[in-house]
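A.B. asks: Before I ask anything, let me first share the structure, which is written out below as structure tokens.
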Amino acid sequence: MTKLSKASAPAKIILFGEHFVVYGNPAILASINRRITVIARFINSDKIIIRSDIKAAGEYCDSTFNPLEGNMKAKSTLDPLYNAIKNVLAARNQKVGIETDIFSEVPHGIGLGSSAASCVATIAAVDSLFGKPDIRKICEQAIESERMIHKNSSGADCYISTFGGLVNYNKIGGFHRIKAKNTLPLVIGDTGIKHSTGDLVARVKKFKDRNGTLFEALSRQARDICSQATVAISSNNREIIGRLMNENQEILKKIGVSHEKIDDLIRICTMAGALGVKMTGAGGGGAIIALAGSMKDSSKIASQIKAHGYDSFEARIEYKGLNV
Ligand code: PMV
């Protein structure tokens, strides 16, 4: 047993295929070079204390929650992490007090996988207090905890956060690594609007129920984009990747998950020279990703976004997953 342990896990983007992936189609995900770090230690009580620098903190004593920061709102953020810690302790056959501190470089609630990365890093930090962690098991435990937030979660966020890199995923075939060490110059733009993945997934279901034939045709297009994108990413053809991102965005617009602020950011990035721009994740606000032709262009795009009053940062694909 060690007194203190530390783990970190990366955020993610969905490059292609969000929403359609819920219905068995493929998606391409990548982890990015923004991480969430968790420090875990034993405490001399039977409480579980979780503190996050996103202004949420609380202590759990026999499942009773007491907020320390962020009132009862903090509870919904922290509950999945509390459950994750409880499951780790049960699996390790331990009954001890634990305190965790979460430090985030990832804006939350905009589709960048901050909750999955927090979950993966929390489980890894707590588990490694007791011995060498099993990385596959950590991923499985994180997926289980994430399903508390989003019942139909594919688990793809937790997978990419644990293992890093680029993957092609579908519900039937599972995860397939795209073996390309690409340094795609990416820019993330934030609409400033937090979204609820569950609400947007429900909105798409309604659309699908009302427009069955159209949805099937759009799914076919999304599938096709994903398979072309897998080839383009493998051969590092940025022009084609960019064009496919734009095509994917058009489809997402048709199923009603875009937003006027997404359109605004797309316009800004395109004017600044982006090769392709699309929303990433559930949409309805949230984040956009833009692909630049070069590192110099990505810094120009990021500053243009800022000049228009939105937050932005440059990002790269991160090949290091969980670090524990
Ligand atoms: O939670 P987000 O914003 O990363 O989006 C999840 C992606 C969806 O395809 C919309 C849902 C899912 O479970 O795959």
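A.B. asks: Would you tally the residues in segment 21-47 being out of contact with any strand residue (DSSP E or B) (no Cβ under 7 Å at 6 or more places or on another chain) and not β-branched (Val, Ile, Thr)? Give the derivation first.
C.D. replies: Filtering segment 21-47 for residues out of contact with any strand residue (DSSP E or B) (no Cβ under 7 Å at 6 or more places or on another chain) gives 22-23.
Cutting the leftovers down to not β-branched (Val, Ile, Thr) gives us 23.
Result for segment 21-47: 1.
A.B. asks: Right, another one. Return yes or no: is Ala229 within 23 Å of Glu314 (Cβ to Cβ) and of a type outside the set (D, E, K, R)?
C.D. replies: On the way: within 23 Å of Glu314 (Cβ to Cβ): yes; of a type outside the set (D, E, K, R): yes.
For Ala229, the condition - within 23 Å of Glu314 (Cβ to Cβ) and of a type outside the set (D, E, K, R) - is met.
A.B. asks: Mind checking which strands (runs of 3 or more DSSP E) fall wholly inside segment 1-58 and carry at least 1 residues that are within 28 Å of Pro185 (Cα to Cα) and away from the ligand (no atom under 16 Å from the Cβ)? Write out each step before concluding.
C.D. replies: Numbers: elements: 4-16, 27-43, 48-52.
Counting at least 1 such residues, we get 4-16, 27-43.
A.B. asks: Restricting attention to segment 110-120, and to residues there that are in contact with a helix residue (DSSP H, G or I) (Cβ under 8 Å, 6 or more places away or on another chain) and at negative phi, which single residue is surrounded by the fewest Cβ atoms within 10 Å (Cβ to Cβ)?
C.D. replies: Start the filter on segment 110-120 by keeping residues that are in contact with a helix residue (DSSP H, G or I) (Cβ under 8 Å, 6 or more places away or on another chain), which leaves 111, 113, 115-120.
Filter again for at negative phi, leaving 115-120.
Details: Ser115: 26, Ala116: 31, Ala117: 34, Ser118: 31, Cys119: 32, Val120: 36.
Once the filter is applied, the top-ranked residue is Ser115.
A.B. asks: Now, a different point. Which residue, of Cys158, Cys139, is farther than 29 Å from Lys261 by Cβ and among the hydrophobic types (A, V, I, L, M, F, W, C)?
C.D. replies: Values: Cys158 fails: farther than 29 Å from Lys261 by Cβ.
Just a single option satisfies the conditions, and that option is Cys139.
A.B. asks: Those residues that are among the small types (Gly, Ala, Ser), free of Cβ contacts under 8 Å to residues at least 60 places away in the same chain and over 17 Å from Ile160 (Cβ atoms), I need them from segment 92-116; list them, please. Step through it out loud before you land on a result.
C.D. replies: Keep residues of segment 92-116 that are among the small types (Gly, Ala, Ser), which gives 97, 104, 109, 111, 113-116.
Next cut, free of Cβ contacts under 8 Å to residues at least 60 places away in the same chain only: 97, 115.
Selection gives Gly97 alone.
A.B. asks: Within the bounds of segment 83-99, is there any residue that is crowded, with 20+ Cβ neighbours inside 10 Å, away from the ligand (no atom under 16 Å from the Cβ), within 24 Å of Lys132 (Cβ to Cβ) and within 21 Å of the chain's Cα centre (by Cα)?
C.D. replies: yes
A.B. asks: Name the residues in segment 158-170 that are out of contact with any Pro (no Cβ under 9 Å at 6 or more places or on another chain) and either part of a loop (DSSP other than H, G, I, E, B) or modelled with pLDDT under 90 (or both), would you?
C.D. replies: As a first pass, look at segment 158-170 and keep what is out of contact with any Pro (no Cβ under 9 Å at 6 or more places or on another chain): 158-159, 162-163, 165-167.
Of everything in segment 158-170, just one residue is out of contact with any Pro (no Cβ under 9 Å at 6 or more places or on another chain) and either part of a loop (DSSP other than H, G, I, E, B) or modelled with pLDDT under 90 (or both), namely Gly165.
A.B. asks: Please find, within segment 8-62, the residue that is surrounded by the fewest Cβ atoms within 10 Å (Cβ to Cβ) out of those that are more than 18 Å from the chain's Cα centre (by Cα) and of a type in the set (A, V, I, L, M).
C.D. replies: Per the stated criteria, the residue is Ile43.
A.B. asks: If I filter segment 119-141 for residues that are within 14 Å of the ligand (Cβ to nearest atom), in a strand (DSSP E or B), touching a Leu at 6+ places or on another chain (Cβ under 8 Å) and in contact (Cβ under 8 Å) with a residue 24 or more places away in the chain, do I get at least one hit?
C.D. replies: no
A.B. asks: A follow-up question, please. Among the candidates Ser258, Ser294, Ser303, which residue alone is polar (S, T, N, Q) and farther than 20 Å from Ile110 by Cβ? Let's see the steps before the verdict.
C.D. replies: On the way: Ser258 fails: farther than 20 Å from Ile110 by Cβ; Ser303 fails: farther than 20 Å from Ile110 by Cβ.
Being polar (S, T, N, Q) and farther than 20 Å from Ile110 by Cβ holds for just one of Ser258, Ser294, Ser303, which is Ser294.
A.B. asks: Being more than 13 Å from the ligand (Cβ to nearest atom), part of a strand (DSSP E or B) and modelled with pLDDT of 95 or more is the filter; apply it to segment 177-195 and report the residue that is surrounded by the most Cβ atoms within 10 Å (Cβ to Cβ). Steps first, please.
C.D. replies: Let us first name the residues in segment 177-195 that are more than 13 Å from the ligand (Cβ to nearest atom), namely 177-187, 189, 192.
Filter once more, so that each one left must be part of a strand (DSSP E or B): 177, 186-187, 189.
Subsequent filtering for residues that are modelled with pLDDT of 95 or more retains 186-187, 189.
On the way: Leu186: 24, Val187: 27, Gly189: 32.
This residue is Gly189.
A.B. asks: If you go through segment 158-176 one residue at a time, how many are within 15 Å of the ligand (Cβ to nearest atom), out of contact with any Cys (no Cβ under 6 Å at 6 or more places or on another chain) and of a type in the set (A, V, I, L, M, F, W, C)?
C.D. replies: Total satisfying the criteria: 4.
The values are calculated or read from the model by the stated rules, or taken from the named source; none is laboratory data. Just so you know, these numbers come straight off a predicted model, no measurement behind them. Heads up, the Cβs are rebuilt from the backbone with ideal geometry, glycines too, and the neighbour counts pull from every protein chain shown.
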